[in-house]
1. Every residue in the range B:154-205 that is among the hydrophobic types (A, V, I, L, M, F, W, C), in contact (Cβ under 8 Å) with a residue 24 or more places away in the chain and outside any helix (DSSP H, G or I), please.
2. On the basis of being within 8 Å of chain B (Cβ to nearest Cβ), open to solvent by 30 Å² or more (accessible area, probe 1.4 Å) and either in contact with a strand residue (DSSP E or B) (Cβ under 8 Å, 6 or more places away or on another chain) or of a type in the set (D, E, K, R) (or both), does A:ARG200 make the cut?
3. Name the single residue, out of those in the range B:9-19 being more than 9 Å from DNA strand D (Cβ to nearest atom) and either open to solvent by 30 Å² or more (accessible area, probe 1.4 Å) or closer than 23 Å to B:HIS182 by Cβ (or both), that is farthest from the other protein chains (Cβ to nearest Cβ).
4. Applying the selection to the range A:36-52, what residues are within 23 Å of the chain's Cα centre (by Cα) and crowded, with 18+ Cβ neighbours inside 10 Å?
5. Filter the range B:108-131 for residues that are without any contact (Cβ under 8 Å) to a residue 40 or more places away in the chain and open to solvent by 20 Å² or more (accessible area, probe 1.4 Å) and give the result.
6. Any residue that is within 11 Å of DNA strand C (Cβ to nearest atom), modelled with pLDDT under 95, in a helix (DSSP H, G or I) and not acidic (Asp, Glu) - is there at least one of those in the range A:4-13?
7. Return yes or no: is A:LYS87 within 14 Å of chain B (Cβ to nearest Cβ) and not β-branched (Val, Ile, Thr)?
8. Answer with yes or no whether A:ALA153 is more than 13 Å from B:ALA180 (Cα to Cα) and at the interface with chain B (Cβ under 9 Å from one of its Cβ atoms).
Protein chains: 2
Amino acid sequence: MNMDTKTEPAQASSTKLLDAAVHVIRSKGYSAARVEDICAEAGLTKGAFFHHFASKEACAIAAAAHFAANADALFDAAPYSLLPDPKARVLGYVDFRKAILQGELPQFTCLLGTMVQEAYESHPAIRAACDRYISEHAGRLASDIAEAKARYAPDAAWTPESAALFSQAVLQGAFILAKARHGPKVAADCLDHLRRYFERLFESGAPEPATP
Amino acid sequence: MNMDTKTEPAQASSTKLLDAAVHVIRSKGYSAARVEDICAEAGLTKGAFFHHFASKEACAIAAAAHFAANADALFDAAPYSLLPDPKARVLGYVDFRKAILQGELPQFTCLLGTMVQEAYESHPAIRAACDRYISEHAGRLASDIAEAKARYAPDAAWTPESAALFSQAVLQGAFILAKARHGPKVAADCLDHLRRYFERLFESGAPEPATP
DNA sequence: ACGACCATACCGACTGGTTGGTATGCACCT
DNA sequence: AGGTGCATACCAACCAGTCGGTATGGTCGT
């Protein structure tokens, strides 16, 4: 009935390794992240690592999935997602992303963007995983944007998908600038601009949409 | 009077190494870029490499400067920079950045953004160099934005500096998405959104500014 | 109940290829 | 003669991945 043999908290070792991999790779990048770094961070050894993952690359791909799943849960649980107005949800998303720019850089930067920078040519499987999870996340945002567009800017030339990807680009770029500046302030400024962009996109057509 | 000993074109070896370093690091990232990769790309050997650079890190920092100098020259020579209207220069910058999204990914992505992702924690000197050159480039753009703002949106709440950094974020993020998707199309779409943002920022106040 | 048997989980020493960096020497120029 | 520019050969550290071994717990025949 219970699955932990020790007195330890029941967190599975593979989860510990994945959490550690996410953290180490976010700090140093994929290539510079040593397997032993990940093991040390997880409080385990290489034996455990290669018991759970066939290779470092396989671990990175699993870490990408782990990271994406955590992110999904985080955004699902965020209060803005319950707002009835899709425009408010889109702006709420931006505000929420700004609000979680807290703590050290490896705690809020994006594993997927970090990894794909280094791995896009040399590790096709990693590139594919990052592409998939970034696109999935953008797709969720695109739904809200599409709804908001239908209501507030139905005739605009841009597509919801491209606007969602644009948001992801702003975020990824904001993380790069935050790393360069060694602090999240620049990133917050960038999100202010993104918010203003969405405000303008959704303001022009219908200040107050009439209910049908 | 001439400085080349062979029949080869007179390009200095150190320039060849820097060009090679830029290309290799843009392809694989800093950590995965081996010194021998750079040497091979330059058609030289490690003897030459360590004759010109004290370490791999020193080469990377020199490559960042080299890359920034090349970029400066490129944008100085671009036709948009001669436009009299600052708003046209800002939009021309975006258009120009979109226009140079050609060829393979390592040919148009940003060395600075790529490096700082991996190096921001472990290699402070690289981080500082990337920060400096990104900020300098943004500063040049900020001048045009400031002029355009003074003319077209003098009362707006945002600062030219933050708008310039926002543009850099969009670009950096667009490169990440392009790497994830393995093609420049997403990046071009992102630049369309950035252009639209600037259009809106500069349209509201004064459609046609009166000359003083 | 009990031991034989096996699977899972994990440890940690070891290996072999890799890689940043060094030592040395040579060719050419001034 | 001496210095610059570069090649070749080499070294020592590093690191992904291997492997033999241990511990634990579940299953099944008896």
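1. Result: B:ALA156, B:TRP158.
2. Numbers: within 8 Å of chain B (Cβ to nearest Cβ): yes; open to solvent by 30 Å² or more (accessible area, probe 1.4 Å): yes; either in contact with a strand residue (DSSP E or B) (Cβ under 8 Å, 6 or more places away or on another chain) or of a type in the set (D, E, K, R) (or both): yes.
Against the criterion (within 8 Å of chain B (Cβ to nearest Cβ), open to solvent by 30 Å² or more (accessible area, probe 1.4 Å) and either in contact with a strand residue (DSSP E or B) (Cβ under 8 Å, 6 or more places away or on another chain) or of a type in the set (D, E, K, R) (or both)), A:ARG200 qualifies.
3. Keep residues of the range B:9-19 that are more than 9 Å from DNA strand D (Cβ to nearest atom), which gives B:9-11, B:15, B:18-19.
So of that shortlist, the ones also either open to solvent by 30 Å² or more (accessible area, probe 1.4 Å) or closer than 23 Å to B:HIS182 by Cβ (or both) come out as B:9-11, B:15, B:19.
Numbers: B:PRO9: 28, B:ALA10: 31, B:GLN11: 26, B:THR15: 24, B:ASP19: 18 Å.
The selected residue is B:ALA10.
4. First, the residues of the range A:36-52 that are within 23 Å of the chain's Cα centre (by Cα): A:37-38, A:41-42.
Of everything in the range A:36-52, those that are within 23 Å of the chain's Cα centre (by Cα) and crowded, with 18+ Cβ neighbours inside 10 Å turn out to be A:ILE38, A:GLU41, A:ALA42.
5. B:GLU121, B:SER122, B:PRO124, B:ARG127, B:ALA128, B:ASP131
6. yes
7. On the way: within 14 Å of chain B (Cβ to nearest Cβ): no; not β-branched (Val, Ile, Thr): yes.
So A:LYS87 fails the test.
8. Values: more than 13 Å from B:ALA180 (Cα to Cα): yes; at the interface with chain B (Cβ under 9 Å from one of its Cβ atoms): no.
Criteria not met by A:ALA153.
The values are calculated or read from the model by the stated rules, or taken from the named source; none is laboratory data. Source: prediction; values computed, not measured. FYI the Cβ positions are ideal-geometry reconstructions off the backbone, even for glycines, and counts take in every protein chain you see. Quick note on the areas: whole protein, heavy atoms, side chains included, nothing else; ligands and nucleic acids left out. Shrake-Rupley method; radii C 1.70, N 1.55, O 1.52, S 1.80 Å.
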